[in-house]
Amino acid sequence: MRLRNWAGALAAALVLGAGSAGAETVKIGVVLTYSGGAAQFGEQIDRGMNLFMKQNADAFGGHKVELIKRDSKRPGGDIAKNAVKELITRDKVDILTGFVFSPNAMASAPLATQGKVPMIIMNAGTAWIPSLSPYIARVSFTMWHAGYPMGKYASEKLGCKTAAIGFTDYPPGKDSRNAFTTGFEEAGGKVLEAIPMGGPREVPDFTPFFQRVKNAKPDCFYVFVPAGNHSVAVIKTFSTLGMKDGGIKLIGPGDITQDTKLQSMGADADGMITVHHYSADYKTPTNLAFVKAWKESYGADTTPDFMGVAGYDGMAAIAHAITAQGGKISAEGTMKALSGWTYDSPRGKITIDPETRDIIQDSNVHKVVAKDGKLMIEVIDTIPQVKDPCKALKIGKCK
Ligand code: PHB
C-alpha cells in the first residue's frame, strides 16, 4: 500500500503540460529497480527522465504526462511481469517504459503484445528482445554494440591472440559472450575459455573464476557483468590477484567502467580499454551541457552514466511519440512515430532503426586515464552509427 501511495504522489507531482483544450493525459508505466543493490539503476534512469522533462516541458505538445512507477526489484522477470499486468489492466497505461534487466523485459514482452501497449526499453540489452513483440522499441543498446567491436579491437589493435571470457550467467551475459567471441574470432583471435560467473542478483566472489583465468594466461580477459556493484568487484578482484602485472589486459563493454563507479576502481583500472556508447566524460557541446545540467539538478558530486542518458533519451522518444500522435497513443502509432526517429543525444546521434526497432548509434573505444587525481574516460576510436551487429549478421536468435 505504501508503494501505491508513494507512486500516486509521484504521479501527481510529475504531471506536465498546460492543460489546454485538446490536451490529453498520457499515462506512462515505469518499471525499474527501486530497491536492493540495483536501486542505483532505477535512480539513474529516473533522473535522466526527470531532467529531460524539466528541460523540455514544451516537447510534449501540451499534453500531460503521468508517470506511474513500479519496482521490479530483482532481475528474475516475475515481479516485473506482475507489475506490467497491473499497469495495463488496472492503471490502463498508454506506454510502458524502463526495464533495467533483460529477463524483466522478456517476461513482459508478451503482455505488451496482448495489451497492445508500446514498450520503450531504457536499458535491457539482450539483442533479440525487440523481436519478442512488435510493440517494443529500444533506446539503450544491444550487447553487440560493445561486445562485437571489442572483439575485433582486441585482436586487431590490442594485439591479443588469445582471450578468456567471464560473464554473468543470464541472457545478456551469454549474448555479450557470443558478441565478443564472434568479433574476436572473425579477426583471427582464439577464445581459450568462457566462464559463467553466477547470476545477476548478488555480486558473487569472483576470485575462483579469475584465478582460473590467471592460470590460463590469456592475452585479454573480456568480462561482462551488469554494471553497478558487480563492476567494482571485477576490478578489485583483478587487482587483488595481480592479473595486470601478470600481463593480462582486462577489457569489456563499458558496463565494467561505468561513470558512476570509475572513482572507486583503483589504480589498476588506469589504461583499461572498453567499448561503449556513452560516458559522462565526452567533450561534445551537447554532452557538456547535459552533464552541467545534471550536476546542477542532482549535485556536483553526481554524474550521469549510460543508464541516465538512456532515461533522458527515452523520455525524448516518448515526447516525440506523444506529439506525433496528438496525445492519442496506440501501439502501432508509437512504433510508426519512432521508426527512423533521430535525436541529437548527449551520446551523439541516435536513430531508431525502422527495420529492427533497435537503436543505431556510435560505438566508442574508451580508455581509462588518470588525470588530476581522477580516473576519466578518453575516446580513442569510434565505429560510427552501428546497427545491432547480431541482427545485421543474423546470428542465433537474431536470425
Ligand atoms: C540487462 O539485464 O540486459 C543488463 C543489465 C545491466 C547492464 C547491461 C545489461 O549493465
Problem - Condition broken by residue 258, with the remaining ones in (1) more than 14 Å from the ligand (Cβ to nearest atom); (2) crowded, with 24+ Cβ neighbours inside 10 Å; (3) without any contact (Cβ under 8 Å) to a residue 60 or more places away in the chain satisfied - result: (1)
Practice task
Can you confirm whether segment 312-319 contains a residue that is under 23 Å from residue 226 (Cβ atoms), away from the ligand (no atom under 16 Å from the Cβ) and in the same structural domain as residue 167 (by TED's automatic domain parsing)?
Solution key: no
Handout entry: Residue that is in contact (Cβ under 8 Å) with a residue 24 or more places away in the chain, in contact with a Ser or Thr (Cβ under 6 Å, 6 or more places away or on another chain) and not hydroxyl-bearing (Ser, Thr, Tyr), where the choices are 209, 238, 180, 184
Key = 184
Exercise for the section: Return the residue satisfying two criteria in turn: it lies in segment 277-304 and is among the aliphatic types (A, V, I, L, M) and open to solvent by less than 50 Å² (accessible area, probe 1.4 Å), and of such residues it is farthest from residue 374 (Cα to Cα). Expected result: 293
Handout entry: Residue that is surrounded by the most Cβ atoms within 10 Å (Cβ to Cβ), among those in segment 80-99 that are of a type in the set (Lys, Arg) and part of a helix (DSSP H, G or I)
Key = 81
Practice task
With the condition kept exactly as written, say whether any residue in segment 342-352 is buried (at least 23 other Cβ atoms within 10 Å of the Cβ), part of a loop (DSSP other than H, G, I, E, B) and not β-branched (Val, Ile, Thr).
Solution key: yes
Practice task
Being closer than 16 Å to residue 192 by Cα and of a type outside the set (Phe, Trp, Tyr) is the filter here, so list the residues in segment 153-173 that pass it.
Solution key: 154, 155, 159, 160, 161, 162, 163, 164, 165, 166
Exercise for the section: Working only within segment 225-255, note down all residues that are surrounded by fewer than 20 Cβ atoms within 10 Å (Cβ to Cβ), under 20 Å from the mean Cα position of the chain (by Cα) and assigned to a loop (DSSP other than H, G, I, E, B). Expected result: none
Problem - Qualifying position, being touching an Asp or Glu at 6+ places or on another chain (Cβ under 8 Å), away from the ligand (no atom under 14 Å from the Cβ) and open to solvent by less than 10 Å² (accessible area, probe 1.4 Å), among 48, 42 - result: 48
Problem - Subset of segment 165-174 (residues that are open to solvent by 10 Å² or more (accessible area, probe 1.4 Å) and assigned to a helix (DSSP H, G or I)) - result: 171, 174
Fill in the blank from the handout: Given (1) within 16 Å of the ligand (Cβ to nearest atom); (2) open to solvent by less than 30 Å² (accessible area, probe 1.4 Å); (3) out of contact with any strand residue (DSSP E or B) (no Cβ under 6 Å at 6 or more places or on another chain); (4) not polar (S, T, N, Q), residue 210 misses just (1)
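The values are calculated or read from the model by the stated rules, or taken from the named source; none is laboratory data. Quantities reported herein were computed from a predicted structural model and do not represent experimental measurements. Note: ideal-geometry Cβ built from the backbone for every residue, glycine included; neighbour counts use all protein chains shown. When the accessible area is computed, the model is the full protein with side chains, heavy atoms only, and any ligands, DNA or RNA have been set aside. Shrake-Rupley method; radii C 1.70, N 1.55, O 1.52, S 1.80 Å.
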